[in-house]
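The values are calculated or read from the model by the stated rules, or taken from the named source; none is laboratory data. Keep in mind it's a predicted model, so treat the numbers as computed, not measured. Methodologically, a virtual Cβ is constructed for each residue, glycine included, from the backbone with ideal geometry; neighbour enumeration extends over all protein chains shown. What goes into the accessible areas is simple: the full protein's heavy atoms, side chains included, and nothing from ligands, DNA or RNA. Shrake-Rupley method; radii C 1.70, N 1.55, O 1.52, S 1.80 Å.
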Amino acid sequence: MKLVGEKGVRRILMTVAFSAISALLLITLFIINEGLPFIFRYGLKDFLLSSDWNPAAGKFGIFPMITASLWVTFGAMITGAPLGVAVAIFLSEYAPRPMMKVVKPTIELLAAIPSVVYGFIGVMVLAPFIRSYFGGPGLSLLAGSIILGIMILPTVISISIDSIMAVPRSYREGSLALGATTWQTIHMITIKASKSGIIASIILGLGRAVGETMAVIMVAGNSVNIPHSALDSVRTLTANIALEMSYATGMHRQALFATGVVLFVGIIILNSIASVALRKRTSKR
Amino acid sequence: MSTKFNIHNFNFYFNGSPVLKDLNLDVTSNEILGVIGPAGSGKTTFLRSLNRMNELEAGIRTEGEILMDGQNIYDPEVDVAGLRKRVGMVFAMPVPLPMSIYENVVYGPRLSGISSKSRLDELVEKSLKEAFIWDEVRDRLKLSGLRLSGGQQQRLCLARVLAMKPEVILLDEPCSGLDPISTAKIEDALTVLKKEYTIILVTNNTKQAARVADKTAFFLMGEMIEVGLTRQIFTAPAKKETHDYITGRFG
Ligand SMILES: Nc1ncnc2c1ncn2[C@@H]1O[C@H](COP(=O)(O)OP(=O)(O)OP(=O)(O)O)[C@@H](O)[C@H]1O
Ligand SMILES: [Mg+2]
């Protein structure tokens, strides 16, 4: 007995696919529709470049949050990217195969840990540590950078390993047979050949860091200011939206949507760069 | 005539199963040793034992010794990268490194610490000429090595080995998949090169061994059945298996 024919299946799948796509499209349109008019009314320059965020007084300058987001993301890159790439190189080039087969999925599993848990560890362990050894409030730009650096590790490691493993074996063998050591082969051949994939992994990680909210709210301290040192408390764009959305109304609410538009544009740019880099990797082979 | 390699009771195992069995063989300097034998007889494994490339594989084990100029290359003290600089290898399906023709050739010399531009330029021209490919690439040295034709890639890989001035050159079926003209070019190169190098040539083409090899060894199922002067192996082999193989009467 045939319940649905080939055509039926096709139609059902198409409906599902289109509803998913249209949901995404609707959300995008909604954010833009709520946020864009505000930007025009308030003025793009004032909105992006003024440091005065005081919703009660009708002041909506998000420059401190933009700076905070950039710094936290940069900090995450400084802490997470070198470590992640080093782990990827170790696992793919030095560790025995069976070890990698166990460790890589385990690391990928780390991406599934809810961000509250990372935030919790940050609050309980990292912030007190920073407070007592470096001073300041502990909940800070530094704490946010380190926690985000750890959170992007699974992305960086997993995609870097994939692109390192995609380097043809013949390149490695050719180099070794010419008398290169393992390390010379890694940095002169393997890393060069997988460079675009490694860069993509870092950018995708950064996209994740920019968009991360919960953990950052918990560890970064959330005061609206342009940081002067890594120990200052900061509030990122995402934290700003999440903290104030529940009670915001009118202009304030629109300003938060506009903040969302800024984030949205930033992340789209990052992801486009990453996919161009990844496409370069695949087309080279 | 001096001896380059003395191989004594050498055994090689992949995951416990023997691939080379009790190999005893001397390789003379400045000669071409041809290695023939059916598929799976251990020819490639033999070559890769001489520059320890087999070690990249998991689950391998060796017994016995291979002396190069009197020193056991399997001694734990031996610097493997240094050994591979002395024993160059052209793979069965050689792939240039993903860089320009020029960079491919200077890769080895650079590893040995040569950095003077004029010295490298000189090496590039000399090696490419020795590999009979200079005329085809002289005005596009910046082109990626991967863009060359299969036959040209093969000769480029020979050139990059020559550029590191090894003592021994191992060639694994360097002419498989090449047209007769490219094959002839490689064979010409080899006969000139043996004046300076010791060459071991694995080939599936018995006629090629007959044409260029001074001595020929016949491998069968991991054992070296027979080795001797090429003329003698092809006209009056001592063993029946050798005779069957070279006359094409082999399963
Ligand atoms: N990496 C490996 N792991 C396990 N066994 C291997 C490996 N490489 C080769 N062998 C085995 O070793 C034996 C000899 O292989 P080898 O490649 O030396 O043969 P060959 O004479 O070069 O053959 P061909 O003429 O087809 O190139 C074969 O039985 C093969 O299955
Ligand atoms: Mg072979």
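The trypsin sites (Lys or Arg not before Pro) of segment B:156-251 meeting both criteria, a DSSP state outside H, G, I, E and B (loop) and at most 14 other C-beta atoms within 10 angstrom of the site's C-beta, are B:Lys195, B:Lys239, B:Arg249.
For segment B:69-137, GluC sites (Glu not before Pro) are listed when DSSP marks them as loop and at most 14 other Cβ atoms sit within 10 Å of their Cβ; the list is B:Glu77. Largest GNM mean-square fluctuation among B:Ser118, B:Ser41, B:Ser100, using chain B with Cα springs under 10 Å: B:Ser118.
Taking Cα atoms only, the orientation of helix A:63-89 departs from the longest principal axis of chain A by about 10 degrees.
Note on segment A:27-133: Rg/Rh from C-alpha atoms, Kirkwood Rh, equals 1.15.
Counting only alpha carbon atoms, the long axis of helix B:150-163 and the longest principal axis of chain B meet at about 90°. What angle, in degrees between 0 and 90 and rounded to the nearest 10, separates the Cα long axis of helix A:97-110 from the longest principal axis of the Cα atoms of chain A? That helix lies at roughly 10 degrees to the long axis.
Legend: Rg and Dmax of the protein assembly as shown, from Cα coordinates, 32.1, 106 Å. Taking B:Ser149, A:Ser160 and ordering them by how much accessible surface each has at a 1.4 Å probe, largest first, produces B:Ser149, A:Ser160. Chains A and B together bury roughly 1600 Å² of accessible surface, counting both sides and using a 1.4 Å probe on protein heavy atoms. Please work out the C-alpha center-to-center distance from segment B:5-32 to segment A:102-122 and express it in whole Å. Going from one Cα centre to the other spans 51 Å. Each part gets one Cα centre, and for segment A:206-285 versus segment A:25-76 those centres are 10 Å apart. All C-alpha pair distances within segment B:3-246, sorted into 5 Å bins from zero, spread as 1, 6, 14, 18, 19, 16, 13, 8, 4, 1, 0, 0 percent across the bins.
With viscosity set to 0.692 mPa s at 37 °C, what whole-number translational diffusion coefficient in µm²/s follows for segment B:167-251 from Stokes-Einstein and a Kirkwood radius over Cα pairs? For the chosen part, D equals 241 µm²/s.
Accessible surface calculations at 1.4 Å, restricted to protein heavy atoms, place segment A:1-48 at 86 Å² per residue. Quick one: which bits of segment A:138-176 get at least 10 Å² less accessible when the partner protein chains are in, versus the chain alone, with a 1.4 Å probe? Buried by the other chains: A:Arg169, A:Ser170, A:Tyr171, A:Glu173, A:Gly174, A:Ser175, A:Leu176.
The count of lysine pairs in segment A:62-284 that are at least 8 places apart or cross chains, and whose C-alpha atoms lie under 20 Å apart, stands at 5. Residues of segment B:164-195 with an amide N closer than 19 Å to a point placed 7 Å from the Cα of B:Asp135 along the Cα-to-Cβ direction: B:179-193. For B:Lys43, the lysines whose Cα falls under 16 Å of its own Cα, not counting residues fewer than eight places away in the same chain, are B:Lys21, B:Lys215.
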